[in-house]
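Encoded as structure tokens, the structure appears first; notes follow it.
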Amino acid sequence: MNPLNLVTDRYERQARLYPALVVIAPIAVTVLALMSMKLSGLESLGAIVGGCGGIFLLSQLARDAGKNGEKALFEGWGGTPSVTIFRHRDTRLDSITKARYHKTLAVLVKGAKAPSVEEERVDPTAADLIYTSWSSYLRVKARDDAKKYPLVLQENVNYGYRRNLRGLRTLGIITTTLCCTIAIVWSYVSYRATGKVSEELAGAFTLGLLFLLLWIFRFSPSWVRLAADAYAERLAETVDTISAKVPARTK
């Protein structure tokens, strides 16, 4: 991956770089507070982590953490949302819309005949193979023409961002806890020496506590699932658009 993509590529920037910056933000603020420096916007934050390819490394760690945790998420959800959405027993799509999608995809994807309700019940694994091939087909089509499917790209970015944040959860909890502890201890030492509470350290502690609460209570599997379902729904909706571009088969 080209490090320049962290700036120019929307997915790389929002889904991989931003989660990494969430992890280091409390660290950067705490370091600046300990150095008795004022936080002066993105320039100060960038100066802390920009050297030696730090941002690029952090984005890679965020991506790897998200991918490593993805399997457990899918297992907990009963499968990949963009695949399971085509199951007869899944309720995210109404039965009429789902039947239309099945009929169309069976034509668009050769060798992927739509399973019936009974066939899916008897052999759900075989049915999921079909649904996986459909999902892969749609994903490639949407990726190759991202300008035509901006909502798919947006929801994919949202999912990648949340998945990667969830993957970094343990690291985030450790770093924010450490930052809060350092801020408290150093504030106490400073107060004993000067009789004053450092505003910078108080701010660092407040920010660290806020992020700690987010890591513990907000960045949950259900939070990631909301974005995954939204992506699956937007991807499924491309069926009608893609099928309209395919010439009808002659008998």
TODO: Sort out which residues of the stretch 84-103 are surrounded by 18 or more Cβ atoms within 10 Å (Cβ to Cβ) and either among the polar types (S, T, N, Q) or under 15 Å from residue 162 (Cβ atoms) (or both), and write them in order of number.
DONE: 84
- [ ] Looking at (1) over 21 Å from residue 234 (Cβ atoms); (2) in contact (Cβ under 8 Å) with a residue 40 or more places away in the chain; (3) among the charged types (D, E, K, R), find the lone condition where residue 89 falls short.
- [x] (2)
Open item on the list: Kindly evaluate residue 196 against the criterion of being outside any helix (DSSP H, G or I) and free of Cβ contacts under 8 Å to residues at least 12 places away in the same chain.
Closed with: yes
Open item on the list: Quick check on my filter: what residues within the stretch 130-139 are more than 19 Å from the chain's Cα centre (by Cα) and more than 12 Å from residue 87 (Cβ to Cβ)?
Closed with: 133, 137, 138
Open item on the list: Looking at the stretch 206-227, can you tell me whether even one residue there is among the basic types (Lys, Arg) and either assigned to a helix (DSSP H, G or I) or within 20 Å of the chain's Cα centre (by Cα) (or both)?
Closed with: yes
Open item on the list: So, in the stretch 118-129, exactly how many residues are surrounded by 12 or more Cβ atoms within 10 Å (Cβ to Cβ) and either over 31 Å from the mean Cα position of the chain (by Cα) or among the hydroxyl-bearing types (Ser, Thr, Tyr) (or both)?
Closed with: 3
- [ ] Determine whether the stretch 157-177 contains at least one residue that is more than 20 Å from residue 60 (Cα to Cα) and surrounded by fewer than 22 Cβ atoms within 10 Å (Cβ to Cβ).
- [x] yes
TODO: Please tell me if residue 73 is aliphatic (A, V, I, L, M), part of a helix (DSSP H, G or I), within 30 Å of residue 215 (Cα to Cα) and touching a residue at least 24 places away in the same chain (Cβ under 8 Å).
DONE: yes
Task: Out of 183, 146, sole residue that is modelled with pLDDT under 95, buried (at least 21 other Cβ atoms within 10 Å of the Cβ) and in contact with a Leu (Cβ under 6 Å, 6 or more places away or on another chain) - done: 183
Task: Residue in the stretch 106-115 that is nearest to residue 232 (Cα to Cα), counting only those that are in contact (Cβ under 8 Å) with a residue 12 or more places away in the chain and either hydroxyl-bearing (Ser, Thr, Tyr) or not in a loop (DSSP other than H, G, I, E, B) (or both) - done: 108
TODO: Out of the residues in the stretch 57-83 that are exposed (fewer than 15 other Cβ atoms within 10 Å of the Cβ) and of a type in the set (D, E, K, R), state the one that is nearest to the chain's Cα centre (by Cα).
DONE: 67
Open item on the list: Given the condition farther than 30 Å from residue 24 by Cβ, of a type in the set (Gly, Ala, Ser), in a helix (DSSP H, G or I) and under 18 Å from the mean Cα position of the chain (by Cα), answer yes or no: does some residue in the stretch 84-105 qualify?
Closed with: no
TODO: Looking only at the stretch 1-47, count how many residues are assigned to a loop (DSSP other than H, G, I, E, B), modelled with pLDDT of 60 or more and among the aliphatic types (A, V, I, L, M).
DONE: 2
- [ ] Would you mind stating whether residue 207 is closer than 23 Å to residue 35 by Cβ, in contact (Cβ under 8 Å) with a residue 40 or more places away in the chain and out of contact with any Gly (no Cβ under 9 Å at 6 or more places or on another chain)?
- [x] yes
- [ ] Please identify the pairs in which a residue from the stretch 1-20 that is closer than 19 Å to residue 154 by Cβ has its Cβ atom under 7 Å from the Cβ atom of a residue that is of a type in the set (S, T, N, Q) and modelled with pLDDT under 70, counting only partners at least 6 apart or on another chain.
- [x] 12/5
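The values are calculated or read from the model by the stated rules, or taken from the named source; none is laboratory data. Predicted model, so just to flag it, every value in this text is computed and none were measured. Every residue, glycine among them, receives a Cβ derived from its backbone with ideal geometry; neighbour counts consider all protein chains shown.
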